[in-house]
Amino acid sequence: MSDFIEKVYASSSISANLPMEIEVEEKMHRGRYKSVIHDYNAQTGVAHVGIPIYKSAYIKLPPELPIKIRVYSKMAVYLFNSSVISVGEEGNIKYLSISVPEIIFKVQRRQYVRVPIAVEGFFYLKQEYDTLDVVPKYKFISKDFSAGGMSVVTKKDVPAGTEILINFKVWDELSLDNFLSEIVRLIGKTTFGENIYGVRFKNLDPVMEKDLVKFVFRYEIESTKKNRR
């Protein structure tokens, strides 16, 4: 499995009760310590988190100490650099106040199996599709495919983050017609200088997702049978 890394707003990603890890590189306190987010204020950029414990004792992290944070959700890990602001106490609960930047990194695991498929298709740039009377088509050949996205080879230069409309016949009973997608990243170049892009499907409804998963499963089974012959 691979990872997708993207920048996201902390305000829409960080919330109370998420488990987290504090990494300290400073020699006296070096280590990785488990903690949890008690609360987070997006307006002030401050989170209150559990003071890490080591061998049944609180670890005293001094103010302004640089730290690295990993916050874990079910589908992703959020990464950001931070620093200790202060130590506080509410009732019998002690907490650590840390800084949270507005933009953090999201590392999302791929959820779907990918299979190698080389099929021709084409796409529109969504911005051109929405504004032009005559819309250019850009051809591509798929490199691999999953229920969540695909890799494509195309001569067209497209910046990461660009929304496109994919047109691609997956199999006889299933096709993607002007399916909203996004160029996630440039994977590399072919020997002929063509671009290889990672594409993510957007607004994938449960019915379509189920159909695509079934196709990938069926494709894997058929490929395994062929390889055994």
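The values are calculated or read from the model by the stated rules, or taken from the named source; none is laboratory data. Since the structure is predicted, the reported quantities are computational estimates derived from the model, not experimental observations. Here Cβ is always computed from backbone atoms with ideal geometry, including for glycine, and neighbour counts include all displayed protein chains. When the accessible area is computed, the model is the full protein with side chains, heavy atoms only, and any ligands, DNA or RNA have been set aside. Shrake-Rupley method; radii C 1.70, N 1.55, O 1.52, S 1.80 Å.
Restricting attention to region 156-173, does a residue exist that is under 17 Å from Glu120 (Cα atoms), among the small types (Gly, Ala, Ser) and in contact with a Lys or Arg (Cβ under 8 Å, 6 or more places away or on another chain)? The answer is no; no qualifying residue exists. Hey, any hits in region 116-127 for a residue that's open to solvent by less than 30 Å² (accessible area, probe 1.4 Å) and within 17 Å of the chain's Cα centre (by Cα)? No, there is no match, as no residue in region 116-127 is open to solvent by less than 30 Å² (accessible area, probe 1.4 Å) and within 17 Å of the chain's Cα centre (by Cα). From the list Gly45, Gly88, the one residue that fits, being open to solvent by less than 40 Å² (accessible area, probe 1.4 Å), more than 30 Å from Asp211 (Cα to Cα), in contact (Cβ under 8 Å) with a residue 40 or more places away in the chain and in contact with a His (Cβ under 8 Å, 6 or more places away or on another chain), is Gly88.
Among the residues making up region 52-109, those that are among the aliphatic types (A, V, I, L, M), part of a strand (DSSP E or B) and in contact with a helix residue (DSSP H, G or I) (Cβ under 8 Å, 6 or more places away or on another chain) are Ile103, Ile104. In region 211-229, the residues that are under 12 Å from Val115 (Cβ atoms) and open to solvent by less than 100 Å² (accessible area, probe 1.4 Å) form Cβ pairs under 9 Å with partners that are at pLDDT 80 or above and among the aromatic types (Phe, Trp, Tyr), at six or more places apart or across chains, as follows: Leu212/Phe145; Leu212/Phe201; Phe215/Phe145; Val216/Phe145; Tyr219/Phe145. All of Val36, Val49, Val24 fail the test of being among the aliphatic types (A, V, I, L, M) and modelled with pLDDT of 95 or more, apart from Val49.
Filter region 159-210 down to residues that are open to solvent by 40 Å² or more (accessible area, probe 1.4 Å) and of a type outside the set (A, V, I, L, M), then give me how many there are. Residues in region 159-210 being open to solvent by 40 Å² or more (accessible area, probe 1.4 Å) and of a type outside the set (A, V, I, L, M): 23 in total.
Applying the set (1) at pLDDT below 95; (2) open to solvent by less than 20 Å² (accessible area, probe 1.4 Å); (3) aliphatic (A, V, I, L, M) to Met75 leaves exactly one unmet item: (2).
Leu174 satisfies every condition listed in (1) of a type outside the set (Gly, Ala, Ser); (2) out of contact with any helix residue (DSSP H, G or I) (no Cβ under 6 Å at 6 or more places or on another chain); (3) at pLDDT below 95 except (2). Scanning region 1-49 for residues that are among the aliphatic types (A, V, I, L, M) and in contact with a helix residue (DSSP H, G or I) (Cβ under 8 Å, 6 or more places away or on another chain) yields one hit, Ala42. Kindly establish whether Ile22 is within 19 Å of Phe105 (Cα to Cα), open to solvent by 50 Å² or more (accessible area, probe 1.4 Å) and touching a residue at least 24 places away in the same chain (Cβ under 8 Å). It is false that Ile22 is within 19 Å of Phe105 (Cα to Cα), open to solvent by 50 Å² or more (accessible area, probe 1.4 Å) and touching a residue at least 24 places away in the same chain (Cβ under 8 Å).
Quick one: is Ser56 closer than 30 Å to Phe217 by Cβ, of a type in the set (Gly, Ala, Ser) and at pLDDT below 90? So Ser56 fails the test.
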